[in-house]
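One structure, pasted below without further comment.
The values are calculated or read from the model by the stated rules, or taken from the named source; none is laboratory data. The structure displayed is predicted, hence computed values, not measured ones. Methodologically, a virtual Cβ is constructed for each residue, glycine included, from the backbone with ideal geometry; neighbour enumeration extends over all protein chains shown.
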Amino acid sequence: MYTPRINWIFLILFGLAAIGVFVAALLLPPFRAVAYAPLRELIIPPPAPIVVTVLYSTEKQAWLEEVVPAFEASGANVNGHPVKIQMEKMGSWEIINAVLDGSRQPVIISPASMLQIAALQDSSTIQFGRSLVIPADAINCRPVLRTPLVLVAWKERADALWGQQPGASLWPNIHDALVNPKGWAAFNQPDWGYVKFGHTDPLKSNSGFMTILLMTYGYHGKTSGLTAADILNDSDYQKWFLEIEASIGQFEHSTGPLMQKMITYGPSVYDFVAVYESTAIEQAENAVGRYGELRVYYPPATLWSDHPFCVLNADWVTLDHRKAAILFLDYLVSKPVQEIALLKYGYRPVDTSIPLEQPGSPFDRYAANGFRADLSFLPEAQVPPGSALNTLRDFWARNVNR
């Protein structure tokens, strides 16, 4: 008797439920995918993206420009909001200065080395009463790529100076050759002129700072425990250090141009330069057939450029920013992305399950030039406290900067 009425009631309830599901699909990001796409986008615009701003050092530009689009296309999201990466490249120390002076407020910073992170930790604590980075937080602040500092030389020059791998005598040998008024004539090569060494500006470029830090460690004969007193209270060290720096005519602002200049102009400009291993790998092919064989030498202590990506401990970084940033960091250390960094750009992966010596690896391709996959025979230089790092930078700025 009441069947038609009951049917209508069920029909109305079913219709209301369907409308509710449809509206939920339109309004709630987790359910948007089930809504009919053209109508969904017509009625309700897509969720606003979470923009993760990244200040990064220039050395890894090509790698990031290759892998970031794939991350954004992967559908990474936080509560249905897509993650968008907005990148800006700077020198490693310029990144630190920009954060400290407030001219940039990024979510993530990625200088070339933990050296800058340690310095920022010290400086921001003094300036703001708290650290803007927490290096001990392995989730929010982690190395992503590794490459050591190396010395690149024209082989005939290196053979004349020290023969095979120089070992512990590398920095004393370079100092003595640079300050010898006879130049290469002291090594039975009078036609070569003066000995010419180069590194980048340590106030702007991480590789230059790594160089002067390794020089300082080398002078003091240690690989750890460097203090501000080692720099400020040792006049013999200061004289030795400044003699090396006085021999360098120009400090390039970035590592890539320094290496390119060596290859373009040859030993008329540089006999030796201090650069990243990855930069030397990148340019190895370009050096073939120019000015003789190019060789790579590893300093007596290894100092890593480990390219940390650190989410800032700052008021402008929201919880959603942090969640999105962690998704991005997880992606960067994933195996396919790490393999691209090795095979195409010469970086050592932080994923140790990826073999350095494999088909297509630059460590196989350029082994004859002195590149070594295994550096376990060398001690690692410790990253000093931020106070010592800032003291070394200040000393260079006061006495050398030009």
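Go through (1) surrounded by 14 or more Cβ atoms within 10 Å (Cβ to Cβ); (2) in a loop (DSSP other than H, G, I, E, B); (3) not aliphatic (A, V, I, L, M) one by one and return the number of the condition GLN338 breaks.
Status for GLN338: all satisfied but (2).
Only residues that are within 21 Å of GLY249 (Cβ to Cβ), among the β-branched types (Val, Ile, Thr) and surrounded by fewer than 22 Cβ atoms within 10 Å (Cβ to Cβ): list them for the range 264-291, please.
Of everything in the range 264-291, those that are within 21 Å of GLY249 (Cβ to Cβ), among the β-branched types (Val, Ile, Thr) and surrounded by fewer than 22 Cβ atoms within 10 Å (Cβ to Cβ) turn out to be THR264, VAL269.
Specify which of the listed residues (ALA381, ALA341) is within 30 Å of HIS81 (Cα to Cα), at pLDDT 95 or above and aliphatic (A, V, I, L, M).
ALA341
To keep it simple, each residue is scored yes or no on (1) among the hydroxyl-bearing types (Ser, Thr, Tyr); (2) in contact (Cβ under 8 Å) with a residue 60 or more places away in the chain; (3) over 18 Å from ASN206 (Cβ atoms); (4) in a helix (DSSP H, G or I).
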residue	(1), (2), (3), (4)
TRP316	no, yes, yes, no
PHE328	no, yes, yes, yes
THR391	yes, yes, no, yes
PHE395	no, yes, no, yes
ARG402	no, yes, yes, no
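Oh, and also: Looking only at the range 225-234, how many residues end up being among the aliphatic types (A, V, I, L, M), assigned to a helix (DSSP H, G or I) and surrounded by 14 or more Cβ atoms within 10 Å (Cβ to Cβ)?
Residues meeting the conditions: 3.
Right, something else. Considering only residues of the range 235-254 that are in contact with a strand residue (DSSP E or B) (Cβ under 9 Å, 6 or more places away or on another chain), touching a residue at least 60 places away in the same chain (Cβ under 8 Å) and not in a helix (DSSP H, G or I), which is surrounded by the fewest Cβ atoms within 10 Å (Cβ to Cβ)?
Looking at the filtered set, the residue picked out is SER247.
Residues are listed down the side, and each one gets a yes or a no for (1) modelled with pLDDT of 90 or more; (2) among the polar types (S, T, N, Q):
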residue	(1), (2)
PRO30	no, no
GLU41	no, no
PRO49	yes, no
LEU55	yes, no
THR58	no, yes
GLN61	yes, yes
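Only one of these conditions is not met by PRO172: (1) touching a helix residue (DSSP H, G or I) at 6+ places or on another chain (Cβ under 6 Å); (2) in contact (Cβ under 8 Å) with a residue 24 or more places away in the chain. Which number is it?
Here PRO172 clears every test but (1).
Restricted to the range 159-208, and to residues that are touching a Ser or Thr at 6+ places or on another chain (Cβ under 8 Å) and assigned to a helix (DSSP H, G or I), which residue is surrounded by the fewest Cβ atoms within 10 Å (Cβ to Cβ)?
Of everything passing the filter in the range 159-208, VAL179 is surrounded by the fewest Cβ atoms within 10 Å (Cβ to Cβ).
If GLY102 satisfies every condition in (1) in a loop (DSSP other than H, G, I, E, B); (2) within 19 Å of ASP320 (Cα to Cα) but one, which is the exception?
Every listed condition holds for GLY102 apart from (2).
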